[in-house]
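J.: One structure, pasted below without further comment.
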Amino acid sequence: MESKRRKQQKNARPLEGVRVVDFGQYIAGPAVAMMLADQGAEVIHIDPPAGPRWDNPADAILNRGKQRISLDLTTDRDLTLAQELVQNADVVVENFRPGVMQKLGLGATDMRALNPALVYLSLPGFSEKDQEYANLPAWEGVIAAAVGQFTDMGLNRILMGVNPSFSPLPLASAYAAVLGATAVTLALFSREQSGQGDVIEVPISAALMEGLAYNSMHIEGLPDRYKSPRELEIERRRANDEPLNLNYPDLQAFLDPFYRTYLCRDGRPFYTVCSSHTRHPIACLKVLGVWEEIKAAGIPTHSAYLDIADWPEGADCTLVSYPLSRNWADFVSDKMKAAFKTRTAYEWEQCFGDAGVPGCAHQLTKEWLNSEHALLSGSILEVDDPTYGKMRQMGNICWLIGDTDVTSKQPAQTPNRGSGNKKYANIEETLERWRERAQVSGPVDSPRQTKGWLEGIKILDLTNVIAGPTIAGTLARFGADVISIDPPKPALDPWNTTVFGMQANQGKKSVLLDLKSPQGKAVLDRLLPEIDVITINASDAQLERLGLSINALHQIHPEIILCQFDAYGGPMNGPRSNHPGYDDLVQATTGIMSRFGGGMATPEEHAHFGTIDVLGGYCAALAIGVALVNRAKGNGGSVARSSLIAAGQLIQVPFMYDYPGRAPFNEPSGREVKGSDALYRCYRASDGWFFLAVDKDLKLEAFKAAIGSADIDCINNDAAEQQLEALFSTQPLAHWQSLFGAADIGCQPLATMGQLRENSLMSEASGIDLDGPKSVAFIRHAQHPCGYVVDLIAPNAIRPKLAKTVVPASMPKYGAHTVETLHQLGFSSADIEEMLTQGVAATQWSQRYLPD
């Protein structure tokens, strides 16, 4: 009988039985509930009386898999229905301004009084404690302006003198949605033991800044060897008071040959990301057939972990580290340009993939949506939508292996805006069924807990670069104990491992061990019984070689969760599933670069380091949260998966779809674009730039009244932009802020990330409060083990009211915990010394934390 019950549970969806009430509008809130529905949760989405606030076909994606009803929450009947749904739910999701739900009678305090086990998620634009920003109309563009996204749009734009720059990607909402969904699953997992829900705030602005962590971090005195040619050229021009005015063709000379675009025989551009690795640059040159010539020219290949003083005589760079010197970069890129001209872009894509070398053809978003790999891998799904017909939509952002329904989607329902009893019938039937289940009991007025959601959970981190380490790095703040194992000889340069690691590897112990060796496997055998979760970015074949297939793992520990992350993976296999890849390659293949650069002739990587990498790490963290809930329900361990492709699709959700008769893919693109239209864009006042966001449905007349121009031609967008440009240039920022603020119209001066960081610094000396009064905060690590003063974003985008969060310890020097960990696993000093002598284990990669 017990085995039959467990078999039935095994066939259940991961979040089956979880009940969600979704009050969200636009992107962030509905996206959270979509992610939960995609894992089997039962979701009721509540629209306002006039229907959804965002008129976009993406609504069919964000509200798939949900029941749907329009309610007027100012009426007694509709409010009572909403309250009863919440009283019998597990999760509430809302993304209004602070205080709105409370005024409606649906605030967190009141709802948890009715339902103490409720997990209540709020996604305001800015924190409720932020007196300066909390009450702003927090449109995506307003949030981006407030934190510096539009003024820090990457090195290319700085060198070209393009500032500000607009991007239509909803980065803030995407980051916040995944962090919000992750927080919900972790709170549900914790509730399985405590019986207690939680109230969680995820300010969208804070989520955006955590997602852009690598753009806002600052290392005082960072050696020049870790700066790109573009950074050094910017510094040179500023020091010599020279203009920043490069054009696109001239910019190419400042790009590393292994980190740039090349034209192929068919005229289609091809993007390579082969720098910083001990194998990839040489393998790339071998595929292109130019390695022997470049080798004969004497290109240096010494270790990237040597101090410059110890480099071979005459060497000014090394092939295995980013960046190459200008002379070598020119020489190598000329050879690569000629080689790429000999084949088509897709021929090179296959050659690179077969050789395990990261590279891909540039594509438009429409091409990606209709590509063989996207469809066969299940990254893109076909859904029979009642409004749009056969619609191609992005698939899950994460999934568990064995969830057979992961690619099957219930189309989004048309909002039920009917009248009379018929309107309520389906929802009231659902409510009656919800009432039949006994509620999870828990204390109403619980004190803040002394432990985090993941206290007692042990994670083995076998990942590298940015996305992989971000997975466990995100979970460490909730009390997870993380051990990171890297090889004794590094495959990546210190720019990737150490500089980037200062962010993603906080809160981890560092061990250097060769897991392919017999001794390394023996260490793993002792360690695995203690581990709850393994994170790894590896193919299935690599897992088999390491003895880490799920079957092998479950023989050791049936409850273990394997989180497998890669570049192009989906729920099913496609022709590119095993191809290696990085953030920039996903940008190239899904159309982000062609959109940002203004077309296939001038593709450009999206401005920010880790645009997709960090989000990919969050997606995998969500996969772990889902797997933990699934395990807590008695279903054992599982393989939890996500990919860079899944993340890359999510940040393009406003246009990541296709269907017969779809409007042209003409979203804002290119270097000069300043917004989506005349009423949602950047404008220059007499003393600086600001972002204007006018709600065309609710605030258009108020806007016209405020500017004293009832005849503004909003239908002719170009004419309206010219009118407004002329008008706004006549008055300072403060004037427009005061004028539009009184009408509750978005008007946000454009900040810079540097300004935001300096105004939001915390330190041990001043005190660190992760639940402080600012939406965004940074921490100054004055005594960082690297020897430099390091400023990093505070890990406070997820703010639970009850569960404890902590500031993870600074990233240790690689190998700092090797000996200690081996001793804890029962190895003798003689055993450890033998491992060190044989190179099976190591205590450091270099003499210094960060080589000079």
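The values are calculated or read from the model by the stated rules, or taken from the named source; none is laboratory data. The structure displayed is predicted, hence computed values, not measured ones. Reconstructed Cβ throughout: ideal geometry from the backbone, glycine too, with neighbour counts over all protein chains shown. Heavy atoms of the whole protein, side chains included, go into the accessibility calculation; ligands, DNA and RNA do not. Shrake-Rupley method; radii C 1.70, N 1.55, O 1.52, S 1.80 Å.
J.: Using the membrane-span-like helix rule (whole DSSP H runs, Cα extent along the own axis of at least 20 Å, mean Kyte-Doolittle hydropathy at least 1.0), which helices of the chain qualify?
T.: Helices passing the filter in the chain: 613-630.
J.: Quick check on the chain: helices-only [θ] at 222 nm, where DSSP H runs of length 4 and up contribute -39,500 (n - 2.57) each and the sum goes over total residues. Nearest 500, please.
T.: Calculated mean residue ellipticity at 222 nm is -10000 deg cm²/dmol.
J.: OK, next. How big is the shadow of the Cα convex hull of segment 676-815, averaged over all directions, in nm²?
T.: It is 12.7 nm².
J.: Still on this model: Under 5 Å between amide H atoms, partner at least 5 residues away or on a different chain: which partners does VAL482 have, H built in plane at 1.01 Å?
T.: Result for VAL482 returns ILE459, LYS509.
J.: Turning to a different aspect of this structure: Given a Förster distance of 45 Å, report the FRET efficiency between LYS129 and GLU725 from their Cβ-Cβ distance, rounded to the nearest 0.05.
T.: For R0 = 45 Å, the calculated efficiency reads 0.80.
J.: Between Rg and the Kirkwood Rh of segment 79-194, both from Cα atoms, what is the Rg to Rh ratio?
T.: Checking Rg against Rh, the ratio lands at 1.10.
J.: May I have the convex hull volume per residue, in Å³, for the Cα set of segment 765-810?
T.: Normalising the Cα hull of segment 765-810 by residue number yields 80 Å³.
J.: Which listed residue (ILE550, PRO49, PHE166) has the Cα farthest towards the positive end of the charge dipole for the chain, taking +1 on Lys and Arg C-beta and -1 on Asp and Glu C-beta about the Cα centre?
T.: Checked the options; the winner is ILE550.
J.: Placing unit charges on C-beta atoms (Lys and Arg positive, Asp and Glu negative, everything else neutral), compute the dipole magnitude of segment 11-81 about its Cα centre in debye, rounded to 20. Mind dumping the intermediate values first?
T.: On the way: 7 positive and 10 negative charges, 35 e Å.
My answer is approximately 160 debye.
J.: With the dipole of the chain worked out from charges on the C-beta (+1 for Lys and Arg, -1 for Asp and Glu) around the Cα centre, which of ALA751, VAL626, VAL694 lies farthest toward the positive end?
T.: My answer, from the dipole projection, is VAL626.
J.: Oh, and also: Using the Kirkwood formula over every pair of different C-alpha atoms, what hydrodynamic radius in Å results for segment 280-390?
T.: After inverting the pairwise mean of 1/r, the radius is 17.1 Å.
J.: Something else about it: Could you tell me the largest-minus-smallest coordinate of the C-alpha atoms of segment 373-429 on each of the three principal axes, in descending order and whole angstroms?
T.: Principal axes ranked by extent give 47, 26, 14 Å for the Cα atoms.
J.: Which of the aspartates and glutamates could a cross-linker bridge to LYS699, judged by Cα under 14 Å and excluding same-chain residues fewer than eight apart?
T.: ASP744
J.: Still on this model: Can you tell me the FRET efficiency between ASP250 and VAL806 if r is taken as the Cβ-Cβ distance and R0 is 30 Å, rounded to the nearest 0.05?
T.: 0.05
J.: Could you tell me which Cys residues in the chain have no other cysteine's Cβ under 4.7 Å from their own Cβ, answering none if every one has a partner?
T.: If one checks each Cβ against the other cysteines of the chain, CYS264, CYS317, CYS351, CYS360, CYS398, CYS563, CYS619, CYS682, CYS714, CYS747, CYS786 turn up with nothing under 4.7 Å.
J.: Report, for segment 742-831, the % of DSSP beta bridges that are antiparallel, rounded to 5.
T.: Counting DSSP beta bridges with both partners in segment 742-831, the antiparallel share is about 60 percent.
J.: Additional query: Just the number please: accessible area per residue for segment 280-395, 1.4 Å probe, all protein chains included, in Å².
T.: Computed with neighbouring chains in place, this is 42 Å² per residue.
J.: In square angstrom, what is the accessible area per residue of segment 618-777 with a 1.4 angstrom probe? Provide the component values of the computation, followed by the final result.
T.: On the way: 6310 Å² over 160 residues.
Value returned for segment 618-777: 39 Å² of accessible area per residue.
J.: Using only the Cα atoms of segment 493-548, construct the convex hull and provide its projected area averaged over every direction, in square nanometres to one decimal.
T.: Over all viewing directions, segment 493-548 projects a mean Cα-hull area of 4.8 nm².
J.: Nearest 0.05, what FRET efficiency do GLU820 and ALA113 give at R0 = 35 Å with Cβ-Cβ as r?
T.: Computed FRET efficiency for GLU820 and ALA113: 0.15.
J.: By how many nm would the segment from GLN102 to GLU372 lengthen if fully extended, with 0.36 nm per residue of separation less the alpha-carbon distance?
T.: Contour length minus the Cα-Cα distance gives 92.4 nm.
J.: Just the C-alpha atoms of segment 453-593: what Rg/Rh do they give, with Rh taken as the Kirkwood radius? Walk me through the numbers before you get to the answer.
T.: Details: Rg = 15.4 Å, Rh = 16.0 Å.
My calculation of the ratio gives 0.96.
J.: Quick one: which residues, 5+ away or cross-chain, put their amide H under 5 Å from the amide H of VAL199? H built at 1.01 Å from N.
T.: TYR120, LYS801, LEU802
J.: When the gyration tensor of segment 576-708 is built from Cα positions, what are the square roots of 5 times its three eigenvalues, in whole Å, from largest to smallest?
T.: Numbers: eigenvalues 268, 93, 48 Å².
Values for segment 576-708, descending: 37, 22, 15 Å.
J.: Could you tell me what percent of the accessible area of segment 160-278 is made up of carbon and sulfur, with a 1.4 Å probe and every protein chain present?
T.: 44
J.: Going toward the positive end of the dipole of the chain, with +1 on Lys and Arg Cβ and -1 on Asp and Glu Cβ, which of ASN156, TRP291, GLN131 do you reach last?
T.: Checking the options against the dipole of the chain, the answer is TRP291.
J.: What is the gain in length, in nm to one decimal, between ARG435 and LYS704 on full extension, counting 0.36 nm per residue of separation less the C-alpha to C-alpha distance?
T.: 91.9 nm
J.: Then there is this: Give the distance, in whole Å, between the Cα centre of segment 495-536 and the Cα centre of segment 127-166.
T.: First find each Cα centre; the distance between them is then 37 Å.
J.: Same structure again: Which value in nm describes the separation of the simple spin-label points at GLU559 and GLN410, placed 7 Å from the Cα toward the beta carbon?
T.: Taking the simple label geometry, GLU559 and GLN410 are separated by 3.2 nm.
J.: In whole percent, what relative contact order does segment 127-246 give with Cα contacts below 8 Å and a gap of six or more residues? It would help to have the intermediate numbers written out before the result.
T.: Details: 78 pairs, mean separation 37.7, N = 120.
The normalised contact order for segment 127-246 reaches 31 percent.
J.: Could I ask something else about it? Hey, how many Å between the Cα centroid of segment 270-301 and the Cα centroid of segment 540-594?
T.: Each part reduced to its Cα centre gives a spacing of 25 Å.
J.: Relative contact order for the chain: what percent, with Cα pairs under 8 Å and sequence separation of 6 or more?
T.: On the way: 1785 pairs, mean separation 159.4, N = 852.
Reported as a whole number, the value is 19 percent.
J.: Okay, moving on. Can you list the HN-Hα couplings for segment 262-267, worked out from phi with the Karplus curve (6.51, -1.76, 1.60; θ = phi - 60°), rounded to whole Hz and with x for Gly and Pro?
T.: Karplus values, whole Hz, x for Gly and Pro: 10, 8, 9, 4, 8, x.
J.: Sticking with this one: Taking the simple approach of a point 7 Å from Cα along Cα-to-Cβ for both ALA355 and ALA742, what is their distance in nm?
T.: Once both label points are built, they end up 6.7 nm from each other.
J.: Using the alpha-carbon centroid of each, what span in Å lies between segment 333-405 and segment 762-821?
T.: When both Cα centres are located, 37 Å separates them.
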